[in-house]
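Below is one structure; the comments refer to it alone.
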Amino acid sequence: VVNAKTLRLILFIALALAQIAVAARAIILSEIALRHGEVYRFRLQPVDPVDAFRGRYVALRFAEDRTPVADEVPHLRQEKVYVPLVVDDEGFATFGAARLEAPETGDYLYLQSGVEFMDDEGRRRLSLALPFQRYYMTEELAKEVDKAMWSRGIRPAWVTVRVYDGVGVIEDLYVDGLPVRGWLATGGPERPPTTEP
């Protein structure tokens, strides 16, 4: 017969192992995406206002965080959806129509959906909760980049995201066409803004 103390210990160990397994799975999926995933560029837009107390990351706001909804999909209420990735004429990733099943071909992201709404033309649209909203750096560099990216004219900025089997992981942040650390090394905030490639 198992006494109450032993039972609590067993339950505690089981819970701890479950939490470790969830964290380990997320880390493994991210590493697989970084090593084997396809690279996509996503445009960024200004984050305003800049929070001076934010800390060790640059806040990212994606220029596109909404998607159309496939005709066959019923009304969505904050469900996980499969969102195909499409590359536009300038080489940036955009979102195809959200669906409830993974597409048979092509890369996609498996994302939490937000609110479904109708656009000005009467088409169903869906907001997306993108999982990559932060780019981590040292606190000093993060604050410098955060303030400088949108000062003296909006600078073209984007992130590269590696995508594998529905998982997306940020690979790098680009400002003025350069990886952010290279941008800082060549003058960063002092460089005049350039045009997008």
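Here are a few things to note about the model shown:
- Positions within segment 118-145 being within 17 Å of PRO74 (Cα to Cα), open to solvent by less than 70 Å² (accessible area, probe 1.4 Å) and among the aliphatic types (A, V, I, L, M), in sequence order: LEU126, LEU128
- Hey, GLU121 farther than 18 Å from GLY166 by Cβ, assigned to a strand (DSSP E or B) and at pLDDT below 95 or not: no
- Remark: pairs (first residue in segment 103-120, within 16 Å of GLY37 (Cβ to Cβ); second residue in a loop (DSSP other than H, G, I, E, B) and hydrophobic (A, V, I, L, M, F, W, C); Cβ separation under 9 Å; 6+ apart in sequence or on different chains) = TYR108/ALA102; LEU109/LEU130; TYR110/ALA102; LEU111/LEU130.
- In segment 1-117, counting only strands (runs of 3 or more DSSP E) that sit wholly within it, the ones holding 3 or more residues that are open to solvent by 40 Å² or more (accessible area, probe 1.4 Å) span 38-43, 80-87.
The values are calculated or read from the model by the stated rules, or taken from the named source; none is laboratory data. Being a predicted model, the structure only gives us computed values, none of them experimental. Cβ atoms come from the backbone with ideal geometry, glycine included; neighbour counts cover every protein chain shown. Side chains are part of the model used for accessible areas, which takes the heavy atoms of the whole protein and leaves out ligands, DNA and RNA. Shrake-Rupley method; radii C 1.70, N 1.55, O 1.52, S 1.80 Å.
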